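Take a look at the structure below.
Nothing in this text is a laboratory measurement; each read-out follows from the coordinates by a stated rule. This structure is a prediction, so every number in the text was calculated from the model and none was measured. For neighbour counting, all protein chains shown are included, and Cβ atoms are generated from backbone atoms with ideal geometry for every residue, glycine included.
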Amino acid sequence: MSPIILSSELKNIFQNPNLIILDARVGKDVYQNYLEKHIKGARFIDLDKDLAEIGEDAAFGGRHPLPDTAKFAVTLSNLGASEDAHIVIYDDKNGANAAARAWWMLRSFGFEKVQVLDGGIQSAEKEGIEFSSGEETFEKSSVIKKEGWLLPFKALEYVENEIISRSSTVIDVRDAYRYKGESEPIDLVAGHIPGAINIPFSENLDEHGNFLKPEVLKEKYKELLKDKPQHLIIHCGSGVTACHTILALDYAGFPIPDLYVGSWSEWSRREGKEIAKEN
């Protein structure tokens, strides 16, 4: 199954009894925004509460560490998700908020039929998909137990060793100005991990904000990664938008790369870690 679904395709399967739609928008008053307007039947999933286990010190794990699988299993039960469900996730930034992170976590939990809505909530509205407001009612499902995440993710020390040995290509998907160290709007220090290359996640999208066609993405990344180590580690600020590029690479037919969850939010806070900038 493609990791991307078009709004026209979603409209065609809208009455599928196995379909579960998740609203993964983030931001101020986001739950109130969900209550005011969402795709009919969509269930709200919260980045900070459901898709992360935020600790006391971002120097160890970053701003959005993964929760353990036992906690995520309860989240999925509360959302009514079963293993045979077809799950479609949307946000309002075409996956760059939290839809791609939710996709990564669901796939890593063992779910196979998981897709991100191309164009997000805006595309659904243009397509004429039915919207609703208020709370949605649905039954909880049984808790599914997993021993650990199935997709590869790496810790800071592993990333550092791979850079030193030049065994991996580490890709920073943040905007170029953040990578260069010109300014930093979220984390405490501007710059990037020494040895990381910059391919902003926005380059996965066309001028209309939709994902590039898979064949275009494939050629694009083949050219960008030419003569570089084939093993990829993807990171961003806190392990959320990195999943957008992981999603794009999967869509393009590449093997799913490693995720550095702690990302810049962890590296930049960890004492003694070198920070690079570009003039």
Diagonalise the Cα gyration tensor of region 55-185 and give the resulting equivalent ellipsoid semi-axes, square root of 5 times each eigenvalue, largest first, whole Å. 31, 22, 14
Q230 label point, 7 Å along Cα→Cβ, cut-off 14 Å on backbone N: hits in region 242-260? 254-257
With R₀ set to 45 angstrom, the calculated FRET efficiency between the beta-carbons of E139 and Y177, to the nearest 0.05, is 0.45
Potential extension, E53-N279 segment - 0.36 nm per residue separation minus Cα distance: 77.8 nm
When the chain is modelled as a GNM with alpha-carbon springs shorter than 10 Å, which of W267, W103, W149 fluctuates the most? W149
Built amide H within the under 5 Å cut-off of T241, gap 5+: none
Taking max minus min of the Cα coordinates of region 82-156 on each principal axis, largest first, gives extents in Å of 40, 33, 20
Under the rule a/c < 1.5 gives rounded, and otherwise a/b versus b/c splits prolate from oblate, where does region 14-59 land using the Cα gyration tensor? oblate
Each label point is 7 Å from the Cα along the Cα-to-Cβ direction; what then is the distance between the points at N78 and F60, in nm? 2.6
Would you mind ranking K11, K226 by Cβ crowding within 10 Å, fewest neighbours first? K226, K11
Take the alpha carbon atoms of region 175-214, find their radius of gyration, then divide it by 2.2 N^0.38 Å using N residues; give the quotient. 1.41
GNM, the chain, Cα, under 10 Å: largest mean-square fluctuation among D68, D175, D29? D29
Quick one: Karplus J couplings for region 248-265, per residue in order, coefficients 6.51, -1.76, 1.60, θ = phi - 60°, nearest Hz, x for Gly and Pro? 4, 5, 5, 4, 7, x, 7, x, 5, x, 6, 10, 8, 5, x, 6, 4, 4
If I stretch the segment between Q32 and I164 completely, what's the gain in nm (0.36 nm per residue apart, minus their alpha carbon distance), one decimal? 42.9 nm
Which of E160, E130, E223 fluctuates most in a GNM of the chain (C-alpha springs under 10 Å)? That residue is E223
Return P(r) of region 153-267 (all Cα-Cα pairs; 10 Å bins starting at 0; whole %; ordered from short to long distances). 15, 49, 32, 5
List the equivalent ellipsoid semi-axes of region 75-122 in whole Å, largest first, each obtained as the square root of 5λ for an eigenvalue λ of the Cα gyration tensor. 19, 10, 10
Only Cα pairs under 8 Å and at least 6 apart count here; give the relative contact order of region 102-260 as a rounded whole percent. 25
Over region 4-132, what is the relative contact order in whole percent, taking alpha-carbon pairs under 8 Å and six or more residues apart? 36
Potential extension, E127-I13 segment - 0.36 nm per residue separation minus Cα distance: 39.7 nm
Over the chain, relative contact order from alpha-carbon pairs under 8 Å, at least 6 apart, %: 24
At q = 0.06, 0.14, 0.17 Å⁻¹, work out log10 I(q)/I(0) for the chain with the Debye formula, treating every Cα as an identical point scatterer and leaving solvent out; two decimals please. -0.18, -0.99, -1.42
Coordinate range along principal axes, alpha carbons of region 4-132, Å, largest first: 44, 32, 22
